[in-house]
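Chemist: The structure is given below, and queries will be raised subsequently.
The values are calculated or read from the model by the stated rules, or taken from the named source; none is laboratory data. For clarity, every value in this text was computed on a predicted model and none was experimentally measured. Note that each Cβ is placed from the backbone with ideal geometry, even for glycine, and that neighbours are counted across all protein chains shown.
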Ligand code: MSP
């Protein structure tokens with residue numbers, strides 16, 4: 001069983017496309033694994049406790065619970081609007097999760113990993129994080145939220161993170177806990193080695209909206225500890241008893257996270273698991289920021305685009321495609337409506353849409369809607385399939401996978417131009433014409449199959465013209481054997497409508 005997770009999103013505001021980005025990436029990987037006939041559990045959810053959310057609820061004139069109920073639904077709706085289909089959606093206000101968190105903390109306490117102390121430092125409510133010296137911006141501001149930090153000095157319980165230093169270092173160095181890309185792994189190593197670890201505050205005395213500490217109900221559990229344990233509670237089939245062996249999909253195979261939450265996931269999360277002898281995730285993949293106008297896209301900076309806006313302009317698959325191919329997965333990158341428009345227009349409407357239409361029209365006109373059963377030209381299809389599989393499976397270079405398919409689609413359009421089937425028809429070169437059209441049909445079919453994780457609805461429409469569906473394709477044979485010879489073609493509706501004026 002493969003288990004893939006996204007971070008759980010704060011329900012202080014509506015989702016935007018940077019949240020959608022991680023969730024969509026996970027959906028694409030999950031779909032890709034399923035096509036390889038793997039069993040998959042894909043988890044996402046919402047992070048609903050803490051000061052940030054309590055403040056947002058108050059500002060909206062709602063109780064915290066009413067507020068998170070509404071916002072959590074909005075996240076679900078957004079994912080549905082993008083055809084993102086998680087297997088699990090965890091909410092940290094779910095009583096089952098709360099019980100698991102309390103149980104976990106009690107275990108840590110009983111094992112002697114927790115002690116009472118005081119925490120003094122600078123806190124960012126936006127990040128829900130105590131900042132270390134190097135994370136503090138000018139005049140004690142948060143470099144991410146550009147807002148003043150709060151100076152906090154309060155009684156707290158602390159987790160003995162420092163005890164796990166050497167173990168963590170070794171796990172990261174040896175890739176037993178694999179962190180990708182390499183730069184992020186180095187960042188974690190250098191943080192452990194140079195800056196050094198400190199014990200972590202795991203409770204807050206003055207934040208009422210949270211889960212109570214089981215042994216001292218005057219404290220609530222620090223929202224990040226509560227949140228990290230979602231990956232465990234969502235996988236726990238055994239209920240609050242928290243029995244060993246009762247977690248069929250634990251530990252995670254792959255956890256996708258943004259670069260701002262790397263330390264939590266690469267240091268605190270594995271240390272918590274080590275403390276209770278649970279297995280660690282296999283891999284963390286860290287992606288960069290979506291920026292709009294050069295700034296991290298975020299509600300607090302007011303530079304967001306919503307998933308719904310994207311779907312309204314490009315359709316569901318268009319929105320998925322522009323989002324995932326706009327920037328290299330892993331890096332930071334600036335997006336804009338005009339960039340999205342260009343990707344949609346060039347790669348989808350012009351390259352793919354036209355190709356499918358032309359091939360179908362020619363098969364109708366010259367072959368009475370039947371793909372000729374003849375040998376096809378080798379257009380290096382097997383190489384493209386391998387490239388896509390590696391980019392998606394081994395390296396998580398999602399943009400390179402779409403790039404490889406797109407390059408192939410462009411090549412197919414050039415193949416049409418250079419072989420001019422209409423001329424072959426005129427010249428009565430029936431055999432050559434049949435070969436060119438059979439080559440195009442097979443290449444369109446395989447391209448559509450490769451695109452299934454990215455643009456599932458469109459892929460299904462294209463495959464349906466050949467009377468096929470994703471479910472009955474054997475991915476191992478793509479590019480190796482012919483799938484379309486002798487097939488009857490059905491007409492395909494226009495795939496990518498022309499763009500209207502800006503929303
Ligand atoms: N609730 C925590 C995560 C807890 S996971 C146990 C959180 N939530 S968040 O809503 O602020 O962010 C969730 C994810 O969205 C993070 O991975 C973050 O990096 C990502 N993004 C939020 N804004 C982003 C961009 N502008 N660009 C890319 N991703 C960013 O942190």
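Chemist: If you go through the stretch 263-271 one residue at a time, do you hit one that is closer than 24 Å to residue 130 by Cβ, under 17 Å from the mean Cα position of the chain (by Cα) and within 11 Å of the ligand (Cβ to nearest atom)?
Modeler: So far as the stretch 263-271 goes, yes, one or more of its residues are closer than 24 Å to residue 130 by Cβ, under 17 Å from the mean Cα position of the chain (by Cα) and within 11 Å of the ligand (Cβ to nearest atom).
Chemist: Being touching a strand residue (DSSP E or B) at 6+ places or on another chain (Cβ under 9 Å) and in contact (Cβ under 8 Å) with a residue 60 or more places away in the chain is the filter here; which residues of the stretch 34-47 pass it?
Modeler: Once the filter is applied, which keeps residues that are touching a strand residue (DSSP E or B) at 6+ places or on another chain (Cβ under 9 Å) and in contact (Cβ under 8 Å) with a residue 60 or more places away in the chain, the stretch 34-47 yields 41, 43, 45, 47.
Chemist: Please count how many residues of the stretch 289-322 are within 11 Å of the ligand (Cβ to nearest atom) and within 15 Å of residue 78 (Cα to Cα). Let's see the steps before the verdict.
Modeler: Residues of the stretch 289-322 that are within 11 Å of the ligand (Cβ to nearest atom), as a first pass: 289-292, 295-301, 303-305.
From what's left, within 15 Å of residue 78 (Cα to Cα): 304-305.
The number of residues fulfilling the criteria is 2.
Chemist: While we're on this one: So residue 442 fits all but one of (1) in contact (Cβ under 8 Å) with a residue 40 or more places away in the chain; (2) crowded, with 17+ Cβ neighbours inside 10 Å; (3) under 28 Å from the mean Cα position of the chain (by Cα); what number is the exception?
Modeler: Among (1) in contact (Cβ under 8 Å) with a residue 40 or more places away in the chain; (2) crowded, with 17+ Cβ neighbours inside 10 Å; (3) under 28 Å from the mean Cα position of the chain (by Cα), the lone unmet condition for residue 442 is (3).
To keep it simple, each residue is scored yes or no on (1) within 23 Å of residue 418 (Cα to Cα); (2) more than 32 Å from the chain's Cα centre (by Cα).
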site: 331; (1), (2): no, no
site: 338; (1), (2): no, no
site: 351; (1), (2): yes, no
site: 366; (1), (2): yes, yes
site: 370; (1), (2): yes, yes
site: 373; (1), (2): yes, yes
site: 377; (1), (2): yes, yes
site: 380; (1), (2): yes, no
site: 389; (1), (2): no, no
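Chemist: Same structure, new question: State the number of residues belonging to the stretch 184-204 that are surrounded by 17 or more Cβ atoms within 10 Å (Cβ to Cβ) and part of a loop (DSSP other than H, G, I, E, B).
Modeler: Matching residues across the stretch 184-204 total 3.
Chemist: Restricting to the stretch 159-182, name every residue that is farther than 17 Å from residue 275 by Cα and exposed (fewer than 13 other Cβ atoms within 10 Å of the Cβ).
Modeler: Keep residues of the stretch 159-182 that are farther than 17 Å from residue 275 by Cα, which gives 173-175, 178-182.
If the condition is that a residue be farther than 17 Å from residue 275 by Cα and exposed (fewer than 13 other Cβ atoms within 10 Å of the Cβ), then 174, 175, 182 are the ones that fit.
Chemist: Any idea which of 392, 396 is at pLDDT below 95 and in a loop (DSSP other than H, G, I, E, B)? Give the steps one after another, and end with the answer.
Modeler: On the way: 392 fails: in a loop (DSSP other than H, G, I, E, B).
None of the others qualify; the one that does is 396.
Chemist: Something else now. Just wondering, is there one or more residues in the stretch 115-127 that are free of Cβ contacts under 8 Å to residues at least 60 places away in the same chain and under 22 Å from residue 8 (Cβ atoms)?
Modeler: Yes: one or more hits.
Chemist: I would also like to ask the following. Pairs under 6 Å by beta carbon, first residue buried (at least 21 other Cβ atoms within 10 Å of the Cβ) in the stretch 75-86, partner assigned to a loop (DSSP other than H, G, I, E, B), six or more apart or different chains?
Modeler: Every condition considered, the pairs that remain are 75/15; 78/15.
Chemist: State yes or no: is residue 10 buried (at least 21 other Cβ atoms within 10 Å of the Cβ), within 12 Å of the chain's Cα centre (by Cα) and in contact (Cβ under 8 Å) with a residue 24 or more places away in the chain?
Modeler: Answer is no for this residue.
Chemist: Quick check, is residue 274 more than 12 Å from the ligand (Cβ to nearest atom) and at pLDDT 95 or above?
Modeler: Taking the combined requirement at face value, the residue satisfies it.
Chemist: Moving to a separate point now. May I ask you to list the residues in the stretch 142-173 that are without any contact (Cβ under 8 Å) to a residue 12 or more places away in the chain and either over 14 Å from residue 126 (Cβ atoms) or out of contact with any helix residue (DSSP H, G or I) (no Cβ under 9 Å at 6 or more places or on another chain) (or both)?
Modeler: 148, 166, 170
Chemist: Output the qualifying pairs, or none if there are none: Cβ atoms under 6 angstrom, residues six or more apart or on different chains, first residue in the stretch 285-313 and within 25 Å of residue 395 (Cα to Cα), second residue more than 13 Å from the ligand (Cβ to nearest atom).
Modeler: 285/180; 285/396
Chemist: Then there is this: So which pairs qualify, if the first residue must be in the stretch 461-479 and more than 22 Å from residue 360 (Cβ to Cβ), the second must be modelled with pLDDT of 90 or more and outside any loop (DSSP other than H, G, I, E, B), the Cβ gap must be under 6 Å, and the two must be at least 6 apart or on different chains?
Modeler: If the second residue must be modelled with pLDDT of 90 or more and outside any loop (DSSP other than H, G, I, E, B), the pairs left are 475/35.
Chemist: Let me ask something else about it. Residue 488 passes all but one of (1) in contact with a strand residue (DSSP E or B) (Cβ under 6 Å, 6 or more places away or on another chain); (2) within 28 Å of residue 80 (Cα to Cα); which number fails?
Modeler: Only one criterion is unmet by residue 488, namely (2).
Chemist: Spot the failing condition for residue 194; the list is (1) under 30 Å from residue 397 (Cβ atoms); (2) at pLDDT below 95; (3) within 16 Å of the ligand (Cβ to nearest atom), and only one is missed.
Modeler: The failed condition is (3).
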